[in-house]
Amino acid sequence: VCSSDLFGAAAVQATGTSGVHAELDIAVIEQAKTVYFDNILKFLNNLQLPDIGDSKNYLHGNHISVNQAASNVLFEVDVPNNAVKLTCNDLSANFYTDSFRGHEWIFVATGHLEVVMKKMSIGMGLSFTTQTLPNGAIVPAVNAVDVLVDIDRSDIDIKIWGNIWSDFASAFEIFFKSTVVQ
């Protein structure tokens, strides 16, 4: 019998046949859910996001930073997906773009911006399954399921710095909000 630390609660035991038997103690995950979600938030902090837009309107050098530790973490079991899901509500975060360009009619606004998101939810589930390797061996596998990022559009505050036309950037606010939320 050997043991492994999958979320600090899995016991793996060898059987007389090929394969493994694994048990996951849900109570241990429930007790440590905030710790696990804090690790997810560490990954998200300063995550580099892809550039967005086209040649007329774009956001380049995008990254996000979560402003707090996890609290209000919900733990759920997703039986149809054979998964466990952690969701953190009431987070606040900032989205930054190092360089933006907004072009409308003859006006071109350029600069950088910060988007303060005061209320958002992030969730992720881990589904447990098996996979067959090229050599025919069947081994355990984990897939991400139930991924959720929910941003309240009414709680977004956009701060814009740039050229003279950036002062009139409220005309571009719809582009920024819809692009950032998406």
Does the stretch 44-52 contain at least one residue that is over 20 Å from ASP150 (Cα atoms), in contact (Cβ under 8 Å) with a residue 24 or more places away in the chain and over 16 Å from the mean Cα position of the chain (by Cα)?
no
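Out of curiosity, is VAL115 closer than 18 Å to VAL147 by Cα and either modelled with pLDDT of 70 or more or not in a strand (DSSP E or B) (or both)?
no
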Does ALA141 meet the test of being modelled with pLDDT of 85 or more and not polar (S, T, N, Q)?
yes
When every residue in the stretch 61-110 that is open to solvent by less than 20 Å² (accessible area, probe 1.4 Å) and more than 23 Å from PHE43 (Cα to Cα) is compared, the one nearest to the chain's Cα centre (by Cα) is PHE100
Just a yes or no: is a residue in the stretch 65-87 modelled with pLDDT of 80 or more, assigned to a loop (DSSP other than H, G, I, E, B) and touching a Ser or Thr at 6+ places or on another chain (Cβ under 7 Å)?
yes
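Conditions (1) touching a Leu at 6+ places or on another chain (Cβ under 9 Å); (2) within 23 Å of ARG153 (Cα to Cα); (3) not acidic (Asp, Glu), marked per residue:
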| position | (1), (2), (3) |
| --- | --- |
| ILE64 | yes, yes, yes |
| PHE75 | yes, no, yes |
| CYS88 | yes, yes, yes |
| TYR96 | yes, yes, yes |
| ILE106 | no, no, yes |
| LEU113 | yes, yes, yes |
| MET117 | yes, yes, yes |
| SER121 | yes, yes, yes |
| LEU126 | yes, no, yes |
Under 8 Å by Cβ, and 6 or more places apart or on different chains, what pairs join a residue from the stretch 115-128 that is touching a residue at least 24 places away in the same chain (Cβ under 8 Å) with one that is among the aromatic types (Phe, Trp, Tyr) and open to solvent by less than 30 Å² (accessible area, probe 1.4 Å)?
VAL115/PHE95; VAL115/PHE176; MET117/PHE95
Any idea how many residues of the stretch 112-143 are open to solvent by 70 Å² or more (accessible area, probe 1.4 Å) and out of contact with any helix residue (DSSP H, G or I) (no Cβ under 6 Å at 6 or more places or on another chain)?
10
Would you be able to tell me the number of residues in the stretch 62-120 that are more than 26 Å from PRO50 (Cβ to Cβ) and of a type in the set (Asp, Glu)?
3
Any hit, the stretch 98-110, residues being in contact with an Asp or Glu (Cβ under 6 Å, 6 or more places away or on another chain) and of a type outside the set (A, V, I, L, M, F, W, C):
no
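The values are calculated or read from the model by the stated rules, or taken from the named source; none is laboratory data. From a predicted model like this one, the values you see are computed outputs, not experimental measurements. Glycine gets a Cβ as well: all are built from the backbone with ideal geometry, and neighbour counts include every protein chain shown. Keep in mind that these areas ignore ligands, DNA and RNA; they rest on the heavy atoms of the full protein, side chains included. Shrake-Rupley method; radii C 1.70, N 1.55, O 1.52, S 1.80 Å.
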